[in-house]
Amino acid sequence: MRLVQDLPVYRMWNGPDKLNAGGLTNRIGQWWSFDAPCGTRAKYRASYEICHAWNDLTWVATCNLKKGSVAAVGSGQSVSAENCGDPTGQESYFGNPIGWQVFVAKAWSRGDELVCPGAEDDYRANPANVSIPLVQQAP
């Protein structure tokens, strides 16, 4: 679909300290949501079919998908334990027909369409309610 107006999009990610082999984070990936994260981390993971091996879901980024951008929008697909890489066979998720996802192909190369503030504007999500920042306890 081609957007007819600017829309905020949300993504949960591993956080600034977890880097891949190329030295990058998973902050700007291809899968987003038009709905702000809410509920527990476990519920969010199940609602959006996100395996533990793919994403820790510890931080929340909010970006803006600009008018005229092209993205695919649809419901999530089921994920098997094999897809998750779970040798115990326990981790799998049913498809969610109401948890719409936004696929932005090669999002990391579309800075003119997917406009994101710096990572310092993201927040570390509270696992009990990912819609609010995790309050750090004083030592």
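Within segment 36-89, the residues that satisfy the criterion of being surrounded by fewer than 20 Cβ atoms within 10 Å (Cβ to Cβ), charged (D, E, K, R) and touching a strand residue (DSSP E or B) at 6+ places or on another chain (Cβ under 7 Å) are Arg41, Lys66. Among residues of segment 62-73 that are modelled with pLDDT of 95 or more and among the charged types (D, E, K, R), those with a beta-carbon under 7 Å from a residue that is surrounded by 12 or more Cβ atoms within 10 Å (Cβ to Cβ) and not in a loop (DSSP other than H, G, I, E, B) at least six positions away or on a different chain give the pairs Lys66/Val115. As for segment 102-125, it holds at least one residue that is surrounded by fewer than 16 Cβ atoms within 10 Å (Cβ to Cβ) and touching a Leu at 6+ places or on another chain (Cβ under 7 Å). Here Glu49, Glu82 are screened, and the one residue that is touching a Phe, Trp or Tyr at 6+ places or on another chain (Cβ under 8 Å) and of a type in the set (D, E, K, R) is Glu49.
Restricting Ala53, Ala107, Ala21 to those that are among the aliphatic types (A, V, I, L, M) and more than 15 Å from the chain's Cα centre (by Cα) reduces the list to Ala21.
Considering segment 94-115, the residues that are under 15 Å from Ser33 (Cβ atoms) and among the aromatic types (Phe, Trp, Tyr) include one that is modelled with the highest pLDDT, namely Phe103.
Being under 23 Å from Ile132 (Cα atoms), of a type in the set (Val, Ile, Thr) and in contact with a Phe, Trp or Tyr (Cβ under 9 Å, 6 or more places away or on another chain) is true of Val102.
When you look at Ala46, is it small (Gly, Ala, Ser) and farther than 17 Å from Gln101 by Cβ, yes or no? Here the answer is no, as Ala46 does not meet what is asked. Evaluate segment 61-69: report whether one residue or more is more than 15 Å from Phe34 (Cα to Cα) and in contact with a Lys or Arg (Cβ under 6 Å, 6 or more places away or on another chain). No, because not a single residue in segment 61-69 is more than 15 Å from Phe34 (Cα to Cα) and in contact with a Lys or Arg (Cβ under 6 Å, 6 or more places away or on another chain).
The values are calculated or read from the model by the stated rules, or taken from the named source; none is laboratory data. This one's a predicted model, so the numbers in the text were calculated from it and none came from an experiment. We place every Cβ from the backbone using ideal geometry, glycine too, and count neighbours over all the protein chains shown.
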